[in-house]
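Below you'll find the structure, written out as structure tokens, and then a few comments.
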Amino acid sequence: MIKINLSTKKRMRTVLFIVFLIIILLILRLGYIQLIDGKRLSKMAYEQQTLDRAINPKRGTIYDSTGQVLAQSSSVETVTVNPGNISKEDKEKVAKKLSEIFELDYEKTLKKVSKRSSIETIAKKIEKEKADELRKWIEENNITTGINIDEDTKRYYPNNNLASQIIGFCGSDNQGLDGIEAKYDKVLSGTKGAIKRHTDAKGGEIGEEGESYVAAINGDDIVLTIDMNIQSIVEKYLEEACIDNKCTDGGNIVVMNPQNGDILAMATYPDYNLNEPYSAYTEELKGIWDTQDQSSKTKSLQAVWRNRAITDTYEPGSTFKTITSSAALEEGIITDIDKEGQFCCTGGIEVAGVRIKCWRYYRPHGSESLRQGLMNSCNPVFIGLGQKMGVHTYYSYLEKFGLLKRTGIDLPGEAGSIFLAENKAGPVELATISFGQRFEITPIQLVTAVSAIANGGDLIQPRVVKATINSQTGEKTEIQPQIKSKAISKETSEKVLSMMESVVAEGTGKNAKVAGYRIGGKTGTSEDGVNTNKYVTSFLGVAPIEDPQVVVLVTLYNPTGEGGHQGGGVAAPVGGQVFSEILPYLEVNQGNQDEIEQVEQIETPNIEGLSIKEAQKILKENELQLSIENETEELDKENTVISEQTPKSGVIINKGSKIYIKY
């Protein structure tokens, strides 16, 4: 009989207890894995055993209001490899061929092909010709697995620089990075598809299920309010104005339909090529680009990407006197705009101990009506109106005209205005605001406010997108204009428009006249910052006065040319040039019948595809001028073919106008 002493029994009980405890813990752990952590682990196993290759959807097309394509996606392809599916003896051969076709570094390519990973990207957004070359090589070398060629898309902008700050551009992953591309990214981008395949840990195929295909859903199309022809006209004259007047800080022009808030054109100079958004955009920068560090390049690029019409504020100067006039008339402070002697300019006016001069202090305007005050752009007249209204009433009109908050335009990066708080605005501050200085607004805010004057008093939200088109059904969804508030009465609107017409007919804006059309306007000149010795010159125009269809704001930053920096001499002529082409294009009726014979008009001939020499002959016969972009002394005009013209053929323009070409 075997005897077991007490110490042995004790040890056995301890061992049995430990074993029992371990079994309990294992059961608990198994229960946790099955019941609590099961979903997560199943998902991880699926992800490990399933290789997904994304299929990028086709990004939606962006159209202008006439149906012209501004941005579209073309089909390209992406090449990836599954290193585990490429045999060891083929790895060097595959790496060599991939590096040859796609001009890649062989060592880096070999490293990817030899990596212990499920998938590696070799080349993105390649053209079909190169993909077909790879397909042919794969077939000839009997390589059945490991190299994938999948459909992808690449963004393309057929008009290069046109409307660049509005449209914006996309990154390498087709994500919108600026402009409409960024603002409407969710609408345009669509939903990715996938190719799924069961693999082992090394990426090798397992099972016989093969690949499963989940189709991508293409993005929706967008229709803009921008008219490509008007945008081309505006960009042409803006560039010309900035170069001729040596505007060191560029400029912008906004064209808006006051009846519905549609932005017909919005141009900023300088602009950039949407197909090459990271490249130097001026000849000066091209010369030094390679010597610049990344920080300097980024700063330069961000400056040109910025849509200054909505992101930058400025002092509007005398163009703002249209707002002061509207508020004073609406309040009944003045009723008869032609009553002589209501105002008297003595060269300046004293406000709270501070003498504020009229711009023509050296030769005072003397006795004036309100119409004459606006025509003469006389500061004391508008200071007096501001004083009679008082701070609270004046600020209530700033609110009604939408000037104390952003307009809500459907573009990214809109800035807000900079006004002194109402409770901090004293007599001097009210005086300077009344004639457009010592506060800042954006060009789009001013255009929106003056559009309310033009349309009979309704403050309408500006917009750049007018419709979306569903990529699956083709259904078009119109985006309705939004009236935000009533700023002034129709009666007040008509009086201010009448005075603005006199500004162009006889006052400081007479350089904006266009024979045959009734145009209203207001010029402006202001300092660009304090003690900078820089100026902003502008012209604000409305046409036709009898039924306003267009509001135009020309803003030029720091003109340093021989023409000076006054709005009437520098900006007003640009406004006139713009009106002279877009009004006939929009088929606006000519209201001044007695002036119609003073200007002859003609339909723009088609010169695209012709040599420059042939085009010059045709344009000369039609009394038009030719302007060649980037012309050089070596240019062979007899054999160089024109690829693009602005304005396009068929547009009605004045005789003597310039036709701009690219080759």
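The values are calculated or read from the model by the stated rules, or taken from the named source; none is laboratory data. Computed from a predicted structure; not experimentally measured. In this analysis, Cβ positions are derived from the backbone assuming ideal geometry, glycine residues included, and neighbour counts consider all displayed protein chains. Each accessible area value is taken on the protein alone, full model and side chains, heavy atoms only, with ligands, DNA and RNA left out. Shrake-Rupley method; radii C 1.70, N 1.55, O 1.52, S 1.80 Å.
As a check on your grasp of the helix formula, calculate [θ] at 222 nm for the chain: sum -39500 (n - 2.57) over DSSP H runs of n ≥ 4, divide by the residue count, round to the nearest 500.
Details: 20 runs with 231 residues, N = 663.
So the calculated ellipticity at 222 nm is -10500 deg cm²/dmol.
Go ahead and run the numbers for FRET between S498 and N639, Cβ-Cβ distance against an R0 of 45 Å, rounding to 0.05.
Details: r = 56 Å, r/R0 = 1.24.
For R0 = 45 Å, the calculated efficiency reads 0.20.
Please list F419, F320 in order of solvent-accessible area, largest first, computed with a 1.4 Å probe with all protein chains present.
Details: F419 40, F320 0 Å².
Ranked list, largest accessible area first: F419, F320.
Which value, in debye to the nearest 20, gives the size of the charge dipole of segment 379-478 about its Cα centre, when Lys and Arg are +1 and Asp and Glu are -1 at the Cβ? Don't skip to the end; give the middle numbers.
Values: 9 positive and 9 negative charges, 30 e Å.
Once rounded to the nearest 20, the dipole reads 140 debye.
Which one, A452, G402, T432, projects farthest toward the positive side of the charge dipole computed for segment 373-478 from Cβ point charges (K/R +1, D/E -1)?
T432
May I ask you to give the solvent-accessible area per residue for the chain, in square angstrom, as obtained with a 1.4 angstrom probe? Each step should come with its number before you reach the end.
Working: 32340 Å² over 663 residues.
I get 49 Å² per residue for this part.
Please work out how much length the chain gains when fully extended from S87 to T248, using 0.36 nm per residue of separation minus the C-alpha to C-alpha distance, in nm with one decimal. Show your work: numbers first, answer last.
Numbers: separation 161, 0.36 × 161 = 57.96 nm, distance 6.17 nm.
Between S87 and T248, full extension yields an extra 51.8 nm.
How far is the Cα center of segment 309-358 from the Cα center of segment 80-126, in Å?
72
Under 5 Å between amide H atoms, partner at least 5 residues away or on a different chain: which partners does C247 have, H built in plane at 1.01 Å?
T560
May I ask you to give the percent of accessible area on the chain that is carbon plus sulfur, with a probe radius of 1.4 Å?
For the chain, the apolar C and S fraction of the accessible surface comes to 48 percent.
Between I27 and S172, what is 0.36 nm times their sequence separation minus the Cα-Cα distance? Round to one decimal in nm. Could you put the intermediate results ahead of the total?
Numbers: separation 145, 0.36 × 145 = 52.20 nm, distance 5.06 nm.
My answer for the length gained is 47.1 nm.
Suppose we keep just the alpha-carbon trace of segment 259-303; what are its Rg and Dmax in angstrom?
In Å, with Rg to one decimal and Dmax whole: 14.3, 50.
Provide the FRET efficiency to the nearest 0.05 for the K128-T477 pair, computing r from the beta carbons and using R0 = 25 Å. Write down the numbers at each step before the final one.
Numbers: r = 33 Å, r/R0 = 1.34.
In this case the efficiency is close to 0.15.
Suppose each label sits 7 Å from its Cα in the direction of the beta carbon; what would the A54-H392 distance come out to in nanometres?
It is 5.8 nm.
Among 349-360, 60-71, how do they line up from the highest to the lowest mean number of other beta-carbon atoms within 10 Å? Write out the running numbers ahead of the final one.
Details: 349-360: 14.4, 60-71: 19.3.
Averaged packing, sorted descending, gives the order 60-71, 349-360.
Answer rounded, prolate or oblate for segment 268-379, using the Cα gyration tensor with square roots of eigenvalues a ≥ b ≥ c: rounded when a/c is under 1.5, else prolate when a/b is larger than b/c, else oblate.
Numbers: a/c = 3.88, a/b = 2.86, b/c = 1.36.
Since a/c reaches 1.5 and a/b is larger than b/c, the shape of segment 268-379 is classed as prolate.
Cross-link list K339/K495; K466/K495; K112/K154: which exceed 22 angstrom alpha carbon to alpha carbon? Spell out each step's value before the answer.
Numbers: K339/K495 13 Å; K466/K495 31 Å; K112/K154 24 Å.
Checking Cα-Cα distances, K466/K495; K112/K154 exceed 22 Å.
If the cut-off is 13 Å between C-alpha atoms, which aspartates and glutamates fall inside it for K522, apart from same-chain ones fewer than 8 positions away?
Cross-link targets: E501, E506.
Output the pairs from K321/K357; K124/K286; K246/K620; K58/K115 with a Cα-Cα distance over 20 Å in this structure; if there are none, say none. Don't jump to the answer; show the numbers that get you there.
Details: K321/K357 16 Å; K124/K286 27 Å; K246/K620 29 Å; K58/K115 31 Å.
With Cα atoms farther than 20 Å apart: K124/K286; K246/K620; K58/K115.
Which of I356, G521, V76 sits closest to the plus end of the dipole of the chain, meaning its Cα is farthest towards the positive end, when Lys and Arg get +1 and Asp and Glu get -1 on the C-beta?
After comparing all options, I get V76.
Kindly report, to the nearest 10 Å², the accessible surface of S318 as traced by a 1.4 Å probe over protein heavy atoms only.
Only protein atoms counted, so the area is about 20 Å².
Where both partners of a DSSP beta bridge lie in the chain, what percent of those bridges are antiparallel, to the nearest 5? Please report the intermediate quantities before stating the final value.
On the way: 83 of 90 bridges.
Bridges in the chain that DSSP calls antiparallel: roughly 90 percent.
Counting only complete DSSP H runs, which helices of the chain cover 20 Å or more along their long axis at the Cα atoms and score a mean Kyte-Doolittle of 1.0 or above? Walk me through the numbers on the way to the answer.
Values: long enough: 6-31 (37 Å, 1.58); 88-101 (21 Å, -1.43); 228-244 (24 Å, 0.04); 379-400 (24 Å, -0.20); 490-505 (22 Å, 0.04); 567-585 (26 Å, 0.68).
Long hydrophobic helices here: 6-31.
For K96 and S367, calculate 0.36 nm times their separation in residues minus their Cα-Cα distance, and state this gained length in nm to one decimal.
Details: separation 271, 0.36 × 271 = 97.56 nm, distance 8.74 nm.
Extra length from K96 to S367 when fully extended: 88.8 nm.
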